[in-house]
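None of the figures in this text is laboratory data; all of them are computed from the coordinates on show. Just so it is clear, the structure is predicted and the values come from calculations on it, not from any experiment. Every residue, glycine as well, gets a Cβ built from its backbone with ideal geometry; the counts of neighbours run over all protein chains shown.
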Amino acid sequence: MIFFGHVTAAGILELDHPELYGDLLRGKLANCRVQLDIDRKKTPRSQQQSAYLFAAVYPPIAEHTGYSIPEVHEVCKQMFLPPRQMSIGDRMVTVAGSTARLTTAEMMDYIDRVIALAGELGCSVMSPSDAGYISNTAPPVTGYGVDA
């Protein structure tokens with residue numbers, strides 16, 4: 001299980017929802033050795049980032065190459081994300097990485113790489129603000145392909 005919390009300036013770990021981990025420690029983990037990994041909380045990529053990728057970054061590449069947007073997505077994942085191992089039963093398979101598993105910073109890097117690829121192909125990609133994904137006056141676009 002993963003629990004979240006914060007570390008105070010005094011170096012004290014204060015976990016969110018202590019009743020949940022307390023039940024776990026008194027229950028199935030009682031009298032067991034445990035492993036505790038502590039790291040900074042990672043912020044997963046946003047829906048806005050994903051929507052921008054699929055609505056403004058992939059389409060020019062798809063139009064240029066003749067591939068569908070899902071096909072461009074698959075090719076770009078193969079090119080720019082590390083593969084991951086998955087198993088079903090006793091079979092181990094290597095698959096492309098997943099943008100859903102990226103942090104916001106990693107997703108920014110991925111989008112920059114895809115935009116660079118578009119540039120190499122001679123494709124023009126709108127900036128997030130020009131595409132309506134960043135605005136100081138209007139609410140952000142959070143999806144693509146759906147008429148509002």
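Please list, in chain and number order, the residues 5+ apart from residue 5 or on another chain whose amide H is under 5 Å from its amide H, with Hs placed from the backbone.
16
Enumerate the calculated ³J(HN,Hα) couplings along the stretch 55-66 in order (Karplus 6.51 cos²θ - 1.76 cosθ + 1.60, θ = phi - 60°), each rounded to whole Hz, writing x wherever the residue is Gly or Pro.
Result, rounded to whole Hz: 9, 10, 9, 5, x, x, 5, 4, 4, 5, 8, x.
Taking only Cα atoms, what is the 0 to 90° angle, nearest 10, from helix 104-120's long axis to the longest principal axis of the chain?
Taking Cα atoms only, the helix is inclined about 20 degrees.
Out of these labelled values of semi-axes √(5λ) of the Cα gyration tensor in Å, (1) 38, 22, 13; (2) 28, 16, 14; (3) 30, 21, 12, which was calculated from the coordinates shown here?
Looking at semi-axes √(5λ) of the Cα gyration tensor in Å for this model, the match is (1).
Sort 104, 99 so that the residue with the fewest other Cβ atoms within 10 Å of its own Cβ comes first and the one with the most comes last.
On the way: 104 13, 99 21.
Starting with the residue having the fewest Cβ neighbours, the order is 104, 99.
From the helices alone, meaning DSSP H stretches of at least four residues, give me the mean residue ellipticity at 222 nm for the chain, per-run term -39500 (n - 2.57), in deg cm²/dmol to the nearest 500. Could you put the intermediate results ahead of the total?
On the way: 5 runs with 52 residues, N = 148.
Calculated from helices alone, the mean residue ellipticity at 222 nm is -10500 deg cm²/dmol.
Which of 76, 123, 32 comes first, and how do the rest follow, when ranked by fewest Cβ neighbours within 10 Å?
Working: 76 22, 123 17, 32 7.
Going from least to most buried by this count: 32, 123, 76.
Stretch residue 124-residue 104 to full length: gain in nm at 0.36 nm per residue minus the Cα-Cα span? Walk me through the intermediate numbers first.
On the way: separation 20, 0.36 × 20 = 7.20 nm, distance 2.32 nm.
In short, 4.9 nm is gained.
Can you compute 3J(HN,Hα) from phi for each residue in the stretch 125-133, using the Karplus curve 6.51 cos²θ - 1.76 cosθ + 1.60 with θ = phi - 60°, rounded to whole Hz and x for Gly and Pro?
My calculation for the stretch 125-133 gives 10, 5, 5, x, 5, 5, 7, x, 9 Hz in order.
Counting other C-beta atoms within 10 Å, which of 4, 54 has the fewest, and how do the rest follow? Could you put the intermediate results ahead of the total?
Values: 4 8, 54 18.
Neighbour counts put them in this order, fewest first: 4, 54.
Which net charge results when you count Lys and Arg as +1 and Asp and Glu as -1 among the other residues whose beta-carbon is under 15 Å from that of residue 21?
Counting the neighbours of residue 21, the net charge comes to -3.
Report the local net charge at residue 62: Lys and Arg +1, Asp and Glu -1, summed over other residues whose C-beta lies under 12 Å from its C-beta.
Values: positive: none; negative: 63, 71, 74.
Summing Lys/Arg as +1 and Asp/Glu as -1 gives -3.
Restricting attention to the stretch 1-65, which trypsin sites (Lys or Arg not before Pro) occupy a DSSP loop and are surrounded by at most 12 other Cβ atoms within 10 Å? Display every interim value, and only then the final one.
Working: sites: 26, 28, 33, 40, 41, 42, 45; in loops: 28, 33, 40, 41, 42, 45.
Listed in order of number, the matching sites are 28, 33, 40, 41, 42.
Report, please, the projected area of the stretch 1-41 averaged over directions, based on the convex hull of its C-alpha atoms, in nm². Each step should come with its number before you reach the end.
On the way: hull surface 13.5 nm².
Its average projected convex-hull area is 3.4 nm².
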